[in-house]
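**Student:** My questions all concern the structure below.
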Amino acid sequence: MNPVLVMHQVRGGYGDADILHGVSLTVNPKEIVVIVGPNGAGKSTAMKAVFGLVKIRDGAILFEGEEITGWKPDAIVRRGISYVPQVKNVFAEMTVHENLEMGAFLAKSVKAEAFERIYTLFPDLKAKRNALAGSLSGGQRQMVAMGRALMLNPRLLLLDEPTAGLSPKYMEQIFQICRDVRDTGVAILLVEQHAKQALAFCDRGYVLATGSNRHEGAGQELLNDPEIAQMFLGG
Amino acid sequence: MTYRSQLVASLAAAGLIATSSAAFAEAKVALMGGITGPIAGMAPAMIASMKLALDQANAAGLAIGKITYQEFDCGCNPQVATDAATKAVNVFGADAAVGPACSGALLAAVNSVTIPAGVLVVSPSATSPKITDLDDKDLVFRTVPSDDFQGRALARTLLERGVKKVAVAYINNDYGKGLAEAFKAEFEAKGGTITQFRGHEDKKASYRSDLAELAKGGADTLVLFDYGNASGMTILRQAIENGFFKQFVGADGMRDENLIKTLGEANLKHFFVSAPVGEAGAAFEKFAEAARKAGLDPNATFAATSYDAAALVALALEAAKGDKAKLPQALRAVATAPGERIYPGEWEKAKQLLAEGKEIDYKGASGDHEFDAKGDVPGSYAFFKVEGGTYKEVQKMK
Amino acid sequence: MDTLGLLNYAIFMGVLIGIYALLSLGLNVQWGYAGLFNAGVAGFFAVGAYLSALFTAPPVPDRIMGWELPTGVGWFAAMAAAALIAWPIGKVTLRFRSDYLAIATIGVAEIIRLVLRTEDLLSGGVRGITGIPRPFGDLPYEWSQLAYLGLTWGMVVVIYWALERQLAAPWGRMMRAIRENELAAAAMGKNVEARRLEAFILGAAIMGLAGAVYVHFMRAITPEAIDPMMVTFLVWIMLILGGSGNNRGAILGAVIIWVIWSSSELLTDRLPAEIATQAKYIRVFVIGLMLQLVLRWRPEGLLPEGTHVRRSS
Amino acid sequence: MSGLELINFYVIPGLISGSIYALGAIGITLIFGILRYAHFAHGDMATLGAYVALGLVGSLALSPWVALPIAMAITALVAVVLDRVFYRHLETRPKILTVMASLGVALMLRSVVQVVWGVDPQVYSTGIVRAESYGGLMLRSRELITFATATGLVLFLMAFLRYTRWGKAMRAMSDNPELARLCGVNNEAVTRLTWVIAGALAAAAGFFLGINTELNTMMGWSALLAMFAAAILGGVGRVEGAVVGGLVIGLVEELSVLVLPSQYKMATAFVILILILLVRPQGIFKGKVL
């Protein structure tokens, strides 16, 4: 089975300073991959690098076998990757429905099925479709953000700390949604601060520190590694 | 110290044209108009009138030779005007200046530049009474009367015509306010009633609420001290359109032919203006004829005073034989009685009389210009109505 | 060659350049040091000019002030008054982001202008104030001009020196830290609001002084002198061209812009007579274009802030 | 004073100037919201639009009402070009430099108008138009058209922003530019569209200002601060806010003469502006606080 995404020895950062010093990772189809690591490890940067938001000086990024290194975000969206940033990830002054429409901006005309698919995935949103996204709770916003990102049927979804600031109940709900999304055939790469919970629910995980790979493996495997537990997870 | 040499040689480094010295020294006049800034709309006609006078003088071939002139922008702003005056005096080497156009600009320019440098200044449009009180070493004159004269004369004329109750609106600058206050003092002292007395700023889109306020008190006549190519036109239009007031009276600033064209003569049956005139009515006609031939509107605001200012400067230069120190004295001599009367355009005659050493007395398009000790003209005025696309004299004003 | 005439012109230009240099230095304190977009320079200039005029001019009926005090007192009062009026304005407007601050300060300056135009009792209204004394005004023309030139540039040098000292002091370093990164500076425990207010007031006081120097040179003041175009915008262009954050740049900008502005009239005079009047409008166009060229090719100004390279991310 | 008088001489003129301010303020608020800077050349853009219409009326003998849409289109094009030449290259630099650049553009536009059309005040059509009475309400057709056109343009714009793909893209840019980019919204296209709308509406504002009074080269600059006040009063980025803000400023200016000397008519807009910044910087409609 060909991997969806391959990052090979990527080095780069914002401006002149490098933040990533050779990060490699792979995402396979129908897989949830999580990146964890201490603050400043370059987790979010690694993800943004995939989406063309980071200046890459070395290495390569391949999506479904095609090199996308240095592409512009809109080209990457068209190619089949969606990205949900950590903060400010909804259009607060637009309705839930309009947020979803913006997700399909590149499609020119939006198919009714796309909305149906999202509203089935997030039944909470259907009831609130005409509410301003800014008026929703944090968890609901995250759903709007994910829904928006899924409008164009991506094969890979990038989530930057989707559970940040959410209550445990919502965190669980988001994870469940991730599984549902995966089951529709979308691979997910996410960055998580809540390492323990994230490793517990993901298929595979990567541990990053100071901009390079430290460990990788199945989620549960990593959780059981005492070194990791000590280093990043506070026991 | 010799202030500056009369011969101006090449100033190539500054990008100036080299001029060769002729048998006579060239006379140089700076034309200082308010080309940019708040009265920019009036400047082109004023400058053109000044040029008309000097071109006529040059065509007549004065004994002092060709009068070279150059435009300077006083911007109706003291910084710009002093800068322009300094250039006019020191770089261009002006013997005299016509302008600056605005009182504020004039006060700054004469105080800090022309009076200390001993350069004669004749303004066609600076009306502030403050100019009267300047310690000017007899170097500052104007062909436009101080607001005081006109405002008072207009008040007397209206009372004489049986108008006892008026509302007064004025543009909030030295021109409008000066006239309004002089008018008010005289009108009330002579028994008239002023129901409303309001200033306004230029360039607002609507003056209807101002007009509604002015109409309170029941006056039928609106006295409007403003310019016919600025808020004065807007106010007049909105007043007529909305049926405020039955009669409108303005001062010389409102006497603008473009106003008649814009608003339509039929709508201006009850619109009157006062303006300075020569005692001999023919003077204005002579100027008007020449102006129309040159494609100028003789009734444009301050056009006649501008012509007179430039003409007087030219005559004074001729009389003083180009000697700058004698200019003020020469100006008084050519402008005031006694002497043979000279009307606008009579350059040949003036030239000949001066050559023979005879006195002349210039009777200008905008008045006789009998300067008083302060360099002001008392001004004689007439009351005008709109007729045949222009302004026709109704009566003299006292 | 009429060198004396040119010299007189140069002296006159020198005085006005000195006055604009003061304004530019004042604006540099606000914008260059503290990053405050004050678009109401004319307001503080006006307050200084009028106050010094009122302190030193002879009394006239229908106006409340006119105390014939010595010029030095007037200048000091001008600085104090501009500072005093900047305090409440700064207090309420400095919390805004820069564009809002610009709009608010334009509004304040316009209100000041309207008050000065309208309140005869206070300011002489549209007729303004005349009879203002000039130091060394009784000397012959050339000497009087020369003496005033010395006086003006004396003030420029004093202010420049004081600002350089202030900038080298901890206060100056703190100001730059605040401008570069407000959050970081606040986190460092600096009282950002108070420092910015200080810079605003200090800058305003210098602008007030410029107004006072101006008014005694002209010996008269009318509301037209505080036209935002001739005061606020010209000064901004000077500072941006010279190099904000650099006091020498602020002075250099004043020199260059005023020389170009003033001498451009000499050049446009060379145009044919038919378009001589239009040429005066083109001067304004040239100033606008110059600003664009500077922003395009030299956005840091001719003398960029030396010790400190600002990074454009 | 009767109620009718109040309406005829204070409220109606206030609403007319208010709708003119509103047309200008919409452009300002869109630029503020989407491009995130104060555009100081907006007033002079309105002046340019008014004079372009005058040029069409004069040279092609068009009716002013026919000249209006053409002038709007031309001004829109000019706005796009100005952005391309003078503002675009400053995109990545502090916004304040763009604000400075717009000041320079304001001066340049004004002197172009002065050179091309001269400084005399001019009118689209000469003569006097007396008002007709509609049950005591004194109105002129040009005022009705001003109000109706302004309302029509505003409704059209609001529908455009609400229902069309590019309208939504503009709102998205205004709301959250980063996210809009992530959605694949083309920045440049939205910027161009913003300038088209702002330029066209500025021209309309200038035109209506001109047709209700006279044209002069300072007309736009004189109205600029009132437009800014309207935009901020309504809430930055809010089209409906700009409209309400414009009407409020227009009304307050006219009503101010009841209590203040007329010289301070202009000051009322500035006072409202400063008060709103102090009390409620997000404006009536909860716009952005930049």
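**Student:** For chain C, set up a Gaussian network in which alpha carbons nearer than 10 Å are linked by springs, and say which option among C:121, C:36, C:25 fluctuates the most.
**Tutor:** C:121
**Student:** If you average the alpha carbon positions of region D:218-249 and of region D:67-88, how far apart do those two centres end up, in angstrom?
**Tutor:** Cα centres, region D:218-249 to region D:67-88: 20 Å.
**Student:** If you don't mind, there's one more thing I want to ask. What cysteines in the protein assembly as shown have no other cysteine with a beta carbon less than 4.7 Å from their beta carbon?
**Tutor:** A:178, A:202, B:74, D:183
**Student:** Something else about it: Please give the contour-minus-distance gain from residue C:121 to residue C:186: 0.36 nm per residue of separation, less the Cα-Cα distance, rounded to one decimal in nm.
**Tutor:** On the way: separation 65, 0.36 × 65 = 23.40 nm, distance 4.53 nm.
Gain on extension, residue C:121 to residue C:186, equals 18.9 nm.
**Student:** Taking the Cβ of each residue in A:167, B:128 as the centre, tally the other Cβ atoms inside 10 Å and list the residues starting with the fewest. Please report the intermediate quantities before stating the final value.
**Tutor:** Working: A:167 12, B:128 26.
The fewest-first ordering by Cβ neighbours comes to A:167, B:128.
**Student:** Have a look at B:80, A:33, D:230 and report the one farthest towards the positive end of the charge dipole of the protein assembly as shown, computed about the Cα centre with Cβ charges (Lys/Arg +1, Asp/Glu -1).
**Tutor:** A:33
**Student:** In addition: Treating the angle as unsigned and between 0 and 90°, give the value, to the nearest 10°, between the Cα long axis of helix D:187-212 and the longest Cα principal axis of chain D.
**Tutor:** Once rounded, one gets 10 degrees.
**Student:** Please list 3J(HN,Hα) in residue order for region A:214-226, calculated via the Karplus relation 6.51 cos²θ - 1.76 cosθ + 1.60 where θ = phi - 60°; whole Hz, with x for glycine and proline.
**Tutor:** Along region A:214-226, the couplings run 10, 9, 8, x, 5, x, 5, 4, 5, 4, 7, 6, x Hz.
**Student:** Taking H as built 1.01 Å from N, whose amide H comes closer than 5 Å to the amide H of residue B:33, not counting residues under 5 places away?
**Tutor:** B:72, B:74
**Student:** Would you list B:190, B:130 from fewest to most Cβ contacts within 10 Å?
**Tutor:** B:190, B:130
**Student:** May I have the extent of the alpha carbons of region D:154-290 along their three principal axes, as whole Å values ordered from largest to smallest?
**Tutor:** 54, 35, 23
**Student:** Under a no-solvent Debye model with one identical scatterer per Cα of region C:105-145, what's log10 I(q)/I(0) at q = 0.29 Å⁻¹?
**Tutor:** For the requested q values the scattering log ratios are -0.90.
**Student:** Relative contact order of region B:148-269: what whole-number percent is it, with Cα pairs under 8 angstrom and at least 6 residues apart?
**Tutor:** After rounding, I find 26 percent.
**Student:** What is the distance in Å between the Cα centroid of region A:117-157 and that of region B:215-274?
**Tutor:** 65 Å
**Student:** So, one more: What percentage of all Cα-Cα pairs in region C:11-227 are separated by more than 27 Å?
**Tutor:** On the way: 7758 of 23436 pairs.
The answer is 33 percent, as a whole percent.
**Student:** How do D:98, D:164, D:92 line up, fewest other C-beta atoms within 10 Å first?
**Tutor:** D:92, D:164, D:98
**Student:** Among the lysines, select those whose C-alpha is under 18 Å from the C-alpha of residue A:196, and discard any that sit fewer than 8 residues away in the same chain.
**Tutor:** The qualifying lysines are A:43, A:169.
**Student:** Right, here's the next one. Do you know the relative contact order of region B:306-370, to the nearest whole percent, from alpha carbon pairs under 8 angstrom that are 6+ apart?
**Tutor:** Here the relative contact order equals 34 percent.
**Student:** Using the Cα atoms as the points, what is the convex hull volume per residue of chain B in Å³?
**Tutor:** Normalising the Cα hull of chain B by residue number yields 130 Å³.
**Student:** Please report the base-10 log of the normalised intensity I(q)/I(0) for chain A, using a Debye sum with one equal scatterer per alpha carbon and no solvent, at each q in 0.13, 0.15, 0.16 (1/Å).
**Tutor:** Cα-only, vacuum Debye calculation for chain A: -0.75, -1.00, -1.13.
**Student:** For region C:167-313, take every pair of Cα atoms, bin their distances at 5 Å starting from 0, and report each bin as a whole percent.
**Tutor:** The calculated distribution, bin by bin, is 2, 8, 12, 16, 17, 16, 12, 7, 4, 3, 2, 1, 0.
**Student:** Across region A:141-148, in residue order, what do the Karplus-derived ³J(HN,Hα) couplings come to in whole Hz, using 6.51 cos²θ - 1.76 cosθ + 1.60 with θ = phi - 60° and x for Gly and Pro?
**Tutor:** Per residue, the Karplus-derived 3J(HN,Hα) values read 4, 4, 5, 4, 4, 5, x, 4 Hz.
**Student:** Using the structure shown, select from A:88/D:286; B:28/B:51; B:177/B:203; B:269/B:396; B:246/D:265; B:203/B:385 the pairs with a Cα to Cα distance greater than 21 angstrom.
**Tutor:** B:246/D:265; B:203/B:385
**Student:** What ³J(HN,Hα) values, in whole Hz, does the Karplus curve 6.51 cos²θ - 1.76 cosθ + 1.60 give for region B:246-252 when θ = phi - 60°, with x put for Gly and Pro?
**Tutor:** With coefficients 6.51, -1.76 and 1.60, one gets 9, 9, 10, 10, x, 9, 4 Hz.
**Student:** Using only the alpha carbons of region B:148-269, what is the convex hull's orientation-averaged projected area in square nanometres?
**Tutor:** Computing the convex hull of the Cα atoms and averaging its projections yields 6.6 nm².
**Student:** With N set to the number of residues, divide the alpha-carbon radius of gyration of the protein assembly as shown by 2.2 N^0.38 Å and report two decimals. Don't skip to the answer; put the middle values down first.
**Tutor:** Details: Rg = 34.9 Å, N = 1236, 2.2 N^0.38 = 32.9 Å.
Normalised Cα radius of gyration, the protein assembly as shown: 1.06.
**Student:** In percent, what relative contact order does chain C have, based on Cα pairs under 8 Å that are 6 or more apart in sequence?
**Tutor:** Relative contact order here is 31 percent.
**Student:** Let me ask something additional. Here are some pairs, B:286/B:398; B:293/B:351; B:130/B:216; B:321/B:398; which of them have Cα atoms lying more than 26 Å apart in this structure?
**Tutor:** Over 26 Å Cα-Cα: B:130/B:216; B:321/B:398.
**Student:** What number, in nm² with one decimal, is the all-direction average of the projected area of the convex hull of the alpha-carbon atoms of chain D?
**Tutor:** Numbers: hull surface 63.0 nm².
Dividing the Cα hull surface by four gives the mean projection, 15.7 nm².
Only the coordinates and a few stated rules stand behind these numbers; no lab work does. Not measured: the values here are computed from a predicted model. Here the Cβ is made from the backbone with ideal geometry for all residues, glycine too, and neighbour counts use every protein chain on show.
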